[in-house]
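> Sharing a structure below in structure tokens format, with a few things to ask.
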């Protein structure tokens with residue numbers, strides 16, 4: 001395999017330094033082509049570095065081999081992997097698929113049940129709710145199954161779920177949904193009956 005030289009200012013050159021500084025190496029693979037280092041071969045990734053140094057690589061398109069601390073793993077499109085100092089690479093659990101209530105639903109009760117699909121590898125789930133779409137002040141409930149129930153005030157709520165693995169590591173969050181709780185009783189129209 002011939003090594004390709006990277007052009008100065010290439011979009012992936014921006015992630016080369018942070019990845020190398022974190023002790024991560026990335027191999028891109030699209031189809032049968034492979035390339036060591038940050039060579040653009042159609043792969044699209046997102047890299048997040050937390051304050052403690054934990055690094056998450058999310059593959060949006062293509063396949064990548066990620067190496068860290070003597071460990072390596074292939075990551076495919078739609079999957080993510082987390083590298084923590086001194087620990088083996090760990091696949092990040094996918095975000096749960098929410099089932100009910102439906103997005104944009106309106107319910108007339110204060111006690112609301114929530115359900116979602118099971119995530120392989122999850123040992124429990126964190127149900128998060130907030131009246132703010134950015135979840136700036138969220139309520140949460142940890143459950144061992146794929147359902148939770150909460151008593152909520154009448155308002156517009158946003159909800160999402162995070163799968164948690166046996167080691168306590170959170171996965172990706174589900175896409176949030178909006179829910180309106182309206183307990184206003186229906187108005188009864190009264191009037192003079194019409195006789196026919």
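> Every residue in segment 131-165 that is under 30 Å from residue 91 (Cβ atoms) and exposed (fewer than 12 other Cβ atoms within 10 Å of the Cβ), please.
Result: 133, 134, 136, 142, 144, 145.
> Of all residues in segment 121-139 being part of a loop (DSSP other than H, G, I, E, B) and without any contact (Cβ under 8 Å) to a residue 24 or more places away in the chain, which is nearest to residue 172 (Cα to Cα)?
134
A quick yes/no check of all residues on (1) at pLDDT below 95; (2) surrounded by 12 or more Cβ atoms within 10 Å (Cβ to Cβ); (3) not in a strand (DSSP E or B):
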| site | (1), (2), (3) |
| --- | --- |
| 82 | yes, yes, no |
| 88 | yes, yes, yes |
| 99 | no, yes, no |
| 113 | no, yes, no |
| 118 | no, yes, yes |
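The values are calculated or read from the model by the stated rules, or taken from the named source; none is laboratory data. This is a predicted model, so every value here is computed, not measured. In this analysis, Cβ positions are derived from the backbone assuming ideal geometry, glycine residues included, and neighbour counts consider all displayed protein chains.
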